Amino acid sequence: MATEKSAVFIIFGGSGDLAHRKLYPALYNLYKTGDLKEHFAVIGTARRPWSDDYYRGTVVDSLKDIDDDEKAMEEFSKHFFYQSHDVTDSDHYIALKKLASKLDDQFQTGHNRVYYMAIAPRFFGTVAEHINSEGLKTDGFNRLVIEKPFGRSFDSACELNSSLTKTFSESEIYRMDHYLGKFMVQQLTRIRLKNRTFEKSLNNKYVSNVQVTLAESLGVEDRGGYYETAGVLRDMVQNHIMQIIGAVAMDEPAKLDSESIHEVKRDVFASLKDLKPEEVDKNFVRGQYGEDDTGSLKAYRDEDNVDPKSNIETFVAGKMMLDNDRWSGVPFYVRSGKRMPAKSSRIDIVYNDAVKELGINPNTTVTFLIEPENGNSILVNGVDYQEGNQDFLKFPEDPKYFSQEREAYENLMIDILDGNKIHFTLWDELQNAWKYVDVIRQQWDNETPDFPNYMSNTMGPDAASELLEKDGNSWIWDD
């Protein structure tokens, strides 16, 4: 039985795509499970001059692909209110404060507030400053939720963080990384702790290499303008891939709580082996997609809102090393790209011959499938481990376990309401990730690549395979 949560959600950017595509369906599913019931309200704010009724209509429309229970959707929408809002206008925050206070009383929310930034990052600091100056924080909990990108470099991330911490403490800031909400990523620590042999195997004595692949079959679609400022290095490597490495490489935490897990993850990011500018081209590969072999798919440079001479990468592969006792000498190969043959997010742990002393077959590969949606499972040498009867993996014991997962945003919304920061990025982790990525970005910005250098619907540029071949290794997932 779900425990009901109470809060007023103030969603800055409440008329936008993120809110309608991800946030409202997530909140609705929590409403259906009873995690949200009577004591919550949502205020959507944006510049558009919408009425409450019109706003509620857009919320219901956003739910029609996930449910056909019209009565439940209608009752759910009655918790939604709209305020036209200019993020730079103090008077609008005063009006917002009055509305939130009214809803606190109407829905008995315990003065709990979730401030959700579903807006352009350049406005984050402005909104946080006005929340402070106009006195919107309450005597309940106050939690600020930030969507990526959190800065474009180490310096800009520091500046942004400084602007937020004038109003909110680090304990009140929730930096969203939706990959940390995905079921398999969230369960990885539990799987490690449940399987003692598997946990004992995760070190440089037994592991040959670790591979993290986040592949997408789509191109940039309607995000050309965003991608021109980000590229896959900032969009995927700096956040999602780094956090997955943290989950795989961290030492065993003392407890399964936020403080203990972040303590060991912090050590992972602090141990990232320094990358010198002259090492970038040796250890990292970038690519940009061209047409497919039929000419039916556009090249990146032909996409909407993209510079026809763009040097932004749509593919990255790299070799990362950790400088600590547990992982020294083990390469972490990472890869992410657009217009690859299929959508696949996965972690491949490749063992060497020595692992046989633990009772694991030599040169075994254990794969954690994160996406697509039906990929929440574990493979051993490409076979479902339950079917393969692998003795060193006996978890989960419930065969229905993998059918019980929530969608990523639902998981993260529950964590926010519970005040659980296990699956959110802390500032000190983010700093080390930016420092590492900045070296690559700055080196690439000083060079002119020969783009496009891979065709759509392929595995990326040839240099991505050659990167591993130099070490005598190869990609496990190779379409």
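Measuring between alpha carbons in the structure, the pairs from LYS22/LYS338; LYS71/LYS98; LYS37/LYS343 lying more than 28 angstrom apart are LYS71/LYS98; LYS37/LYS343. Scanning residues 5 or more positions from VAL207 or on other chains, those with amide H under 5 Å from its amide H are ASN352, with H placed 1.01 Å from N in the peptide plane. Peptides 162-170, 3-11, 311-319 ranked from most to least packed give 311-319, 3-11, 162-170, packing being the mean of other C-beta atoms within 10 angstrom over each peptide's residues. DSSP bridge analysis restricted to the chain gives an antiparallel fraction near 50%, rounded to the nearest 5. Working note: Karplus 6.51/-1.76/1.60 with θ = phi - 60° gives region 468-473 the couplings 7, 4, 4, 9, x, 10 Hz, where Gly and Pro are set to x. Scaled to the globular estimate 2.2 N^0.38 Å, the Cα spread of region 169-234, given as radius of gyration, is 1.62.
Taking θ as phi - 60° and the Karplus parameters 6.51, -1.76 and 1.60, the scalar couplings of region 292-308 work out to 7, 6, 9, x, 7, 9, 5, 6, 4, 5, 9, 6, 4, 6, 10, 4, x Hz in sequence order, x denoting glycine and proline. Within region 7-65, report the trypsin sites (Lys or Arg not before Pro) that DSSP leaves as loop and that have at most 14 other Cβ atoms within 10 Å. Counting only loop positions with at most 14 other Cβ atoms within 10 Å, the trypsin sites (Lys or Arg not before Pro) in region 7-65 are ARG47, LYS64. Mind pulling the per residue volume of the convex hull built on the Cα atoms of region 172-311? Å³ is fine. Each residue corresponds to 183 Å³ of Cα convex hull volume.
The GluC sites (Glu not before Pro) of region 444-479 that DSSP puts in a loop, and whose beta carbon has at most 15 other beta carbons within 10 Å, are GLU447. Taking every alpha-carbon pair under 8 Å whose residues sit at least 6 apart, the chain reaches a relative contact order of 18 percent. Semi-axes of the equivalent ellipsoid of region 5-147 are 23, 17, 13 Å, computed as sqrt(5λ) over the eigenvalues of the C-alpha gyration tensor in descending order. Of the chymotrypsin sites (Phe, Trp or Tyr not before Pro) in region 417-479, not one is in a loop by DSSP (not H, G, I, E or B) with at most 12 other beta carbons within 10 Å.
Pairs over the 24 Å Cα-Cα cut-off, from the set LYS5/LYS32; LYS182/LYS273; LYS205/LYS273; LYS276/LYS319: LYS182/LYS273.
Mean projection of the Cα convex hull over all viewing directions, computed for the chain: 23.2 nm². Where only DSSP H runs of four or more residues are counted, the chain gives -10000 deg cm²/dmol as its mean residue ellipticity at 222 nm, each run worth -39500 (n - 2.57).
Less than 5 angstrom separates the built amide H of LYS343 from those of SER217, all sequence-distant by 5 or more or on a different chain.
Any read-out appearing in this document is the output of simple, stated calculations on the displayed coordinates, not a laboratory observation. Please read these numbers as outputs of a predicted model, since none were measured by experiment. Don't worry about glycine lacking a Cβ; one is built from the backbone with ideal geometry, like all the others, and counts go over all protein chains shown.
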